[in-house]
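This report concerns only the one structure given below.
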Amino acid sequence: MLKVGVIGLGNMGKLHLLNALRIKEINVVAVADKSEKNRKSVEKYHIKTYDDYSKLIDAEKLDAVIISLPNFLKKESVVYAAENKLDIFLDKPLARNFPEAQEIVQEVEKENVRLMVGVNYRYFPSVQKLKNNLDDGRIGDAVIATSELILNGPLSHSVVPTPVPEWWLNKEMAGGGVLLDLGYHLIDILSWMFGDLEVAYSNLGYRLNLSVEDAGTVMLESKNHGTRCIVNVGWFSKSIFPDFNFRINIHGTVGYDSTDRYAPRDLRVHAVKEGTLNFFRRILKRKMHYLSYTYYYSSFYQVLELFFDTLNKGAEPPISLEEQLDVIRIIDFVYRQNGVK
Amino acid sequence: MAKVVLTSLKTKNFSDDDIDKAVERAIDRLDFNFRDDLQNVVIKPNLCYYWDYSTGETTDPRVVSAVIDYVRDKVGNDVNIAVAEADASAMKTKYSFRVLGYDKLCQAKNVKLENLSEGNIVDVKVNVSGKEIVLPINEILLNADLIINVPKLKTHNFIGATCALKNMFGAISKPRKYSYHEMISHVIVGVNKIVRSHITIVDGLIVRGSYPKKLGVVMAGDDPLATDFIAVEIMGFNPKGVPYLNLAAREQIGQTRNVELIEDNVKLSEVKKDFPKYNYFMHKISLDLQLKMLRLYGAVVGDVIPPFLEK
């Protein structure tokens, strides 16, 4: 059984921990976070805690780590884990910028460890269905693809209000704004669907007067397929969970298809249905569909399970580093095109 | 006698000029006596979070701009004006001032922007209905000659309705005001006993009820409680059914009976009819029930509850 450590216990890190605790083939042995409050919040799981990830890696005999740290801490933590021959599951983005991403990839390749970026949006059921239809030829040749992801980004707050982590709004620490945060997912999906994308046009918006962009429009062209793709992202909307303003539309030579066709119309009704199904799965001792009641969040469990499944099988992760490097390359290009330093 | 003025912009495309005129008309009709010796004026908008004015959640900076111009016109250009707000549980003014356009406004108008969570803060004791409360209040408020409260006309998920009195809750220096929620009515009344708003200018341009709506209304009042009684009536609530207003009335922090409502160019009944009504009780029950069911489901089935939904 793989021995795993979780590094970073913010909202995402905690979610990864909760998911990892439910994956049968792994054993979560310890977690690390600088914040005492965050460490205390996971005491109920009876896992060892460390206040520094290097202490965790030095003290425990691990096989892999889940890294869920702010962007400015990614490179040093990935390098340290790789030097200690650990396989790595990393939250997106791969890095703050292209040179940093290249350094990470070089280090991972040098140490011959496996690193997978958890681009969970690929695993939304609606995205999987759209990709299958595209691959099966049901849409024909894709000529135009449009994508949208407009949320409220770091400015959202949970049931118990908490201040926005400062690093999110600091260009140096975050590496970028909404394009690096939400655009990363859309560019990854479009790249996965159509490959070899080049930037044809881009524009960034600053309605919120932050040091990072809060809106972005990018037009991409696929060299392989000739598909023109449009990415629209924003942090400016007051959308609150379970609202989720996301879609990919593909206009092909056969017809039109969209993730909107496959996502539940009413997420509350969906939650009740999936919750009931999971209740019976538990009683009948069938495989649980964790977080399926949230629709979108189940992808976090799936992508993590997939990563550990490939490690157990000794296979290469299904999301390659080359693909992730390409996403960062595109984002870096857009920033340079718009004069962002 | 307390006075409350209700005026309408009579348009849905609010220009700066429309807003200036509406604010001017509302204060003019209030006939408020601006003393010549006023030195320090504090304007308290509602910047509860980072959602901008178009959501109906925060005060439109153009309303504050119109208030600044009016005060300067009445008192003179030498008067010190500060726009002030405190940090909140999930909001830091250093970001909200920027995100909501107050940085730009105050630079353009040459007025100060003050974070009420920083600087000289005094613990002030106040007795509310026999209960003694200590609230941290910034000296900027305690030393002000004139406090102009510029709240929103909007419903609130936790207390039903919010306007003038609740806006002063946001002026308490302590950022983590979430901790006051157990005794929120007492704290709202307490802060208003300590810091009295001399004039209230209600931003009802875009209101938030069950959804945001361009209502195009400005209210002015010389008594925050009287203003709130009219405001919550517009929102479809019985003022006496709102616990903090009921407590405020019992504590006699303002007028509730001896009130003159001046319907400038619009009737209260018309505005009330136009407000997007919000069923606060159903919302609260529904949200609480959903969260309880979610926790029960997580415990019984063993599924994951995303941390941001944990209370």
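Charges on Cβ only, +1 for Lys and Arg, -1 for Asp and Glu, centred on the Cα centroid of the stretch B:2-278; of B:195, B:225, B:38, which one is farthest towards the dipole's positive end?
With unit charges placed on the Cβ atoms, the residue in question is B:225.
Which of the peptides B:178-185, A:235-242, B:20-27 is most tightly packed, and how do the rest follow, going by the mean number of other Cβ atoms within 10 Å of each residue? Before the final figure, lay out the partial values.
Values: B:178-185: 13.9, A:235-242: 18.4, B:20-27: 21.1.
My ranking of the peptides, most packed first, is B:20-27, A:235-242, B:178-185.
Cβ under 12 Å from residue B:195's Cβ, residue B:195 left aside: what net charge do those residues give with Lys, Arg +1 and Asp, Glu -1?
On the way: positive: B:44, B:193, B:196; negative: B:139.
Around residue B:195, the charge tally is +2.
Just want the answer: with Cβ charges of +1 for Lys and Arg and -1 for Asp and Glu, which residue in A:27, B:247, A:154 is farthest toward the dipole's positive end in the protein assembly as shown?
Positive-end residue among those listed: B:247.
Taking the Cα centre of the stretch B:168-302 as origin, work out the dipole magnitude from +1 charges on Lys and Arg Cβ and -1 charges on Asp and Glu Cβ, in debye rounded to 20. Show your work: numbers first, answer last.
Details: 18 positive and 13 negative charges, 129 e Å.
Dipole about the Cα centre, nearest 20: 620 debye.
Over 20 Å between Cα atoms: which of B:131/B:193; B:152/B:273; B:166/B:273; B:177/B:277; B:44/B:273 fall into that group? Walk me through the intermediate numbers first.
Numbers: B:131/B:193 13 Å; B:152/B:273 18 Å; B:166/B:273 23 Å; B:177/B:277 27 Å; B:44/B:273 28 Å.
Over 20 Å apart, Cα to Cα: B:166/B:273; B:177/B:277; B:44/B:273.
Which entries of B:92/B:112; A:40/A:74; A:14/A:238 have Cα-Cα distances beyond 20 Å here?
A:40/A:74; A:14/A:238
Helix B:16-30 versus the longest principal axis of chain B: what is the Cα-based angle in degrees, 0 to 90, to the nearest 10?
Rounded to the nearest ten degrees, it is 80.
Once R0 is set to 45 Å, what does the formula 1/(1 + (r/R0)^6) return for the Cβ-Cβ distance between residue B:28 and residue B:289, expressed as a FRET efficiency to the nearest 0.05? Can you show the working numbers first?
Values: r = 48 Å, r/R0 = 1.07.
It comes out at approximately 0.40.
Just checking the output field for B:111-124: average partner chain Cβ neighbours within 10 Å of each residue's Cβ?
Values: counts 0, 0, 0, 0, 0, 0, 0, 0, 0, 0, 0, 0, 0, 0.
Shielding by partners across B:111-124 averages 0.
Ignoring solvent entirely, what values of log10 I(q)/I(0) come out of the Debye formula for the protein assembly as shown at 0.07, 0.12 Å⁻¹ when each Cα is a single scatterer?
Taken in order of the listed q values, log10 I(q)/I(0) reads -0.53, -1.27.
Give me the dipole magnitude in Debye, nearest 20, for the protein assembly as shown about the Cα centre, with unit charges on the beta carbon: positive for Lys and Arg, negative for Asp and Glu. Provide the component values of the computation, followed by the final result.
Details: 83 positive and 82 negative charges, 451 e Å.
In debye, rounded to 20, the protein assembly as shown gives about 2160.
Towards the positive end of the charge dipole of the stretch A:232-335, with charges on Cβ (+1 Lys, Arg; -1 Asp, Glu), say which of A:275, A:255, A:304 has the farthest Cα.
About the Cα centre, the residue reaching furthest to the positive side is A:275.
Within 10 Å of each residue's Cβ, count the other Cβ atoms and sort B:280, A:80 from fewest upward. Provide the component values of the computation, followed by the final result.
Details: B:280 21, A:80 18.
Result, fewest neighbours first: A:80, B:280.
Below 8 Å, C-alpha to C-alpha, sequence gap of six or more: please give me the relative contact order for chain A in percent. Before the final figure, lay out the partial values.
Values: 643 pairs, mean separation 64.6, N = 341.
Taking the mean separation of contacting Cα pairs over the length of chain A, I get 19 percent.
Before rounding to the nearest 500, sum -39500 (n - 2.57) across all DSSP H runs of length at least 4 in the protein assembly as shown and divide by the residue total; then give [θ] at 222 nm in deg cm²/dmol. Please report the intermediate quantities before stating the final value.
Values: 22 runs with 236 residues, N = 652.
It lands at -11000 deg cm²/dmol.
Please give me the summed charge of the neighbours of residue A:263: other residues whose Cβ is under 10 Å from its Cβ, Lys and Arg +1, Asp and Glu -1.
Numbers: positive: A:129, A:247, A:261, A:265; negative: A:260.
Local net charge: +3.
Dipole magnitude of chain A about its Cα centre, charges +1 at Lys/Arg Cβ and -1 at Asp/Glu Cβ only, in debye to the nearest 20? Don't jump to the answer; show the numbers that get you there.
Values: 42 positive and 43 negative charges, 290 e Å.
So the magnitude is around 1400 debye.
Please compute, for peptide B:89-97, the average count of beta-carbon atoms on other protein chains lying within 10 Å of each residue's beta-carbon.
Working: counts 5, 9, 5, 4, 0, 2, 9, 1, 1.
Whole-number average of other-chain Cβ neighbours for B:89-97 is 4.
Sorted by packing (mean other beta-carbon atoms within 10 Å per residue), highest first, where do B:247-257, B:46-56 land?
Values: B:247-257: 17.6, B:46-56: 22.6.
The densest-packed peptide leads the list: B:46-56, B:247-257.
What number, in percent, do you get for the relative contact order of chain B if the mean sequence gap of Cα pairs under 8 Å and at least 6 apart is divided by its residue count?
Numbers: 632 pairs, mean separation 73.0, N = 311.
Computed value for chain B: 23 percent relative contact order.
Since every read-out is calculated from the coordinates, none of them should be taken as a lab result. Keep in mind that this is a model prediction, so the values were computed, not measured. In this analysis, Cβ positions are derived from the backbone assuming ideal geometry, glycine residues included, and neighbour counts consider all displayed protein chains.
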